[in-house]
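Engineer: Below you'll find the structure I mean.
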Amino acid sequence: MTQSNIELNYEAAKQQYAQYGIDVDKALEKLAQIKISMHCWQGDDVRGFLNRDQELTGGISVTGSYPGAARTPDELRADLEKAFALIPGKHKVNLHAIYADTNEKVELDQLEPKHFQGWVNWAKEQGLGLDFNPTCFSHENSKDGFTLSHPDPEIRKFWIDHCKASRKIGAYFGEQLGQTCVTNVWVPDGFKDTPVDRMAPRKRLKESLDEVFEEPLNPAHNLDAVESKLFGLGSEAYVVGSHEFYMGYGIQNNKLICLDAGHFHPTEVISNKLSSLALFSDGILLHVSRPMRWDSDHVVVLDDELIDIGRELVRHDLLGTTHIGLDFFDASINRVAAWVIGTRNTIKALLKAMLEPVDALKQAELEGDYTTRLALTEEFKTYPFGAIWDYYCAKQGVPVREEWIAQVKQYEREVLTKRG
């Protein structure tokens, strides 16, 4: 599509949206300020670089053997750069602790900011922010399914120290990059079969978290988040860190509460939780995924739930207090393409929500005119959103529509397939 056609379509679409008082130019300015935290672990199937040969545990499973998985920090960063070149806007990268860039043999509880200096230098060069996660899985000390709630105080201390170290690394990221780092704590702790004592592990988890968060950190540099789960492989009967546990803990202790799209009941959605949680919490962290069969972490598509997440964030002005991260991993397709598809779709959902006549819809609802509410909502589904998206991509200097696919295929031929 030529630049002149893109601009003509954009101007015509703008006029249609303007009839309802929607300022498209302002919407695009606002969209450009939103940072999506793109997860590094899509690029190498959650292997990391510290314990690369360790079996994946914690209910995590990656399927597929598509060629070209990153094997080193430099390869992973190159793949991320390629993906970001095809995604509009400036964003962040979400790191797990196992992605340390170091030749030193170091244990998780001994990690320091210096072990991630390569990531910091790269992020500065690229103008990106960094988020962080302690890695409480795929380790000898997590083999029986428990970490921060482990009955053995020595193992518990190992994970407490790892999480403490992770917070300091996150604070270093925020200080060095001038962008607040969100450090998110998720642990896989739970029982495969029904426990007798549900309280004791949760008491231990609470005490461990209290110790982890004991040292105050500058919130301009680091924000703490806690993440729940319904069940996992090996913890089908009981998860210590349930939604109720972390919602209570996060609200009581002023922590961000992480909602992962795949961590709830199969028919339960996180979009419906945002307006409630926002009334009581200081902020929310999202892990946007696609739970085709519960927590199956498929690449994010522009489906109804993703659109509803965007709507809730926009309609209730929650973008300023919500941190949006992605969490999926698919080794059956090109990994760079997975990043591009998922991130572009997340941005599309936000833009689509910004181009709805929210004020008119709210007024109709307030007046009890549910006919107008439904009619307008449905008619706007076929408004020329695509013309606005095309213009935004062109303005941001990234490929329009499916033009990006050819670049990924070329990168695959020239780089990925040569990794062996």
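Engineer: Between residues in segment 28-44 that are within 20 Å of F173 (Cα to Cα) and residues that are of a type in the set (V, I, T), which pairs lie under 6 Å by C-beta distance while being six or more apart or on different chains?
Structural biologist: Listed pairs, sorted by first residue: I36/I324; I36/T343; I36/T346; M38/V93; M38/T343; C40/V93.
Engineer: Turning to a different aspect of this structure: For segment 261-271, name all the residues that are over 18 Å from the mean Cα position of the chain (by Cα) and either of a type in the set (S, T, N, Q) or on the phi > 0 side of the Ramachandran plot (or both). Reasoning before the result, please.
Structural biologist: Looking only at segment 261-271, we keep the residues that are over 18 Å from the mean Cα position of the chain (by Cα), and these are 265-268.
Answer for segment 261-271, where residues must be over 18 Å from the mean Cα position of the chain (by Cα) and either of a type in the set (S, T, N, Q) or on the phi > 0 side of the Ramachandran plot (or both): just T267.
Engineer: Would you mind telling me which numbered condition in (1) of a type outside the set (S, T, N, Q); (2) surrounded by 20 or more Cβ atoms within 10 Å (Cβ to Cβ); (3) in contact with a Phe, Trp or Tyr (Cβ under 9 Å, 6 or more places away or on another chain); (4) touching a residue at least 60 places away in the same chain (Cβ under 8 Å) K352 fails?
Structural biologist: Only one criterion is unmet by K352, namely (4).
Here's the yes/no breakdown for (1) within 23 Å of the chain's Cα centre (by Cα); (2) assigned to a loop (DSSP other than H, G, I, E, B); (3) not charged (D, E, K, R):
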{"position": "S332", "(1), (2), (3)": "yes, yes, yes"}
{"position": "R344", "(1), (2), (3)": "yes, no, no"}
{"position": "I347", "(1), (2), (3)": "yes, no, yes"}
{"position": "L350", "(1), (2), (3)": "yes, no, yes"}
{"position": "T371", "(1), (2), (3)": "no, no, yes"}
{"position": "A375", "(1), (2), (3)": "no, no, yes"}
{"position": "E378", "(1), (2), (3)": "no, no, no"}
{"position": "K381", "(1), (2), (3)": "no, no, no"}
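Engineer: Return yes when L286 is closer than 15 Å to D327 by Cα, assigned to a strand (DSSP E or B) and either of a type in the set (V, I, T) or in contact with a His (Cβ under 9 Å, 6 or more places away or on another chain) (or both) and no when it is not. Outline the logic, then answer.
Structural biologist: Details: closer than 15 Å to D327 by Cα: yes; assigned to a strand (DSSP E or B): yes; either of a type in the set (V, I, T) or in contact with a His (Cβ under 9 Å, 6 or more places away or on another chain) (or both): yes.
Yes: the conditions hold for L286.
Engineer: Next up: I'd like the full set of residues that are within 21 Å of L130 (Cβ to Cβ) and surrounded by 20 or more Cβ atoms within 10 Å (Cβ to Cβ), limited to segment 181-220.
Structural biologist: Those that are within 21 Å of L130 (Cβ to Cβ) and surrounded by 20 or more Cβ atoms within 10 Å (Cβ to Cβ): C181, V182, T183, N184, V185, W186, V212.
Engineer: Report whether or not A387 is at pLDDT 95 or above, within 23 Å of G342 (Cβ to Cβ) and surrounded by fewer than 18 Cβ atoms within 10 Å (Cβ to Cβ).
Structural biologist: Working: at pLDDT 95 or above: yes; within 23 Å of G342 (Cβ to Cβ): yes; surrounded by fewer than 18 Cβ atoms within 10 Å (Cβ to Cβ): no.
No.
Engineer: Taking the condition among the acidic types (D, E), in contact with a helix residue (DSSP H, G or I) (Cβ under 9 Å, 6 or more places away or on another chain), closer than 25 Å to D189 by Cα and not in a helix (DSSP H, G or I), does D45 pass? It would help to see each step written out before you state the result.
Structural biologist: On the way: among the acidic types (D, E): yes; in contact with a helix residue (DSSP H, G or I) (Cβ under 9 Å, 6 or more places away or on another chain): yes; closer than 25 Å to D189 by Cα: yes; not in a helix (DSSP H, G or I): yes.
Considered against the rule, which asks whether it is among the acidic types (D, E), in contact with a helix residue (DSSP H, G or I) (Cβ under 9 Å, 6 or more places away or on another chain), closer than 25 Å to D189 by Cα and not in a helix (DSSP H, G or I), D45 comes out as yes.
Engineer: To continue, here is another question. Can you find, within segment 303-330, the residue that is nearest to E414 (Cα to Cα) among those that are touching a Ser or Thr at 6+ places or on another chain (Cβ under 7 Å) and part of a loop (DSSP other than H, G, I, E, B)?
Structural biologist: Only one residue tops the list, namely F328.
Engineer: Another question, then. May I ask you to list the residues in segment 390-420 that are closer than 17 Å to A337 by Cα and part of a loop (DSSP other than H, G, I, E, B)?
Structural biologist: V398, P399, V400, V415
Engineer: Of K255, K203, K229, which residue is over 15 Å from L285 (Cα atoms) and basic (K, R)?
Structural biologist: Details: K255 fails: over 15 Å from L285 (Cα atoms); K229 fails: over 15 Å from L285 (Cα atoms).
Only one candidate qualifies: K203.
Engineer: Show the residue pairs that are 6+ apart or on different chains and have beta-carbon atoms under 7 Å apart, the first residue being within segment 168-179 and among the aromatic types (F, W, Y), the second being in a helix (DSSP H, G or I).
Structural biologist: Y172/P113; F173/V120
So that you can scan it fast, the table gives a plain yes or no per residue for (1) free of Cβ contacts under 8 Å to residues at least 60 places away in the same chain; (2) charged (D, E, K, R):
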{"site": "V196", "(1), (2)": "yes, no"}
{"site": "P201", "(1), (2)": "yes, no"}
{"site": "L205", "(1), (2)": "yes, no"}
{"site": "L209", "(1), (2)": "no, no"}
{"site": "F213", "(1), (2)": "yes, no"}
{"site": "D224", "(1), (2)": "yes, yes"}
{"site": "G232", "(1), (2)": "no, no"}
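Engineer: Restrict the check to segment 132-152 and report whether at least one residue is under 14 Å from L50 (Cβ atoms), assigned to a helix (DSSP H, G or I) and at pLDDT 95 or above.
Structural biologist: So far as segment 132-152 goes, no, none of its residues is under 14 Å from L50 (Cβ atoms), assigned to a helix (DSSP H, G or I) and at pLDDT 95 or above.
The values are calculated or read from the model by the stated rules, or taken from the named source; none is laboratory data. This one's a predicted model, so the numbers in the text were calculated from it and none came from an experiment. Using ideal geometry, Cβ is built from the backbone for each residue, glycine included, and neighbour counts are taken over all protein chains shown.
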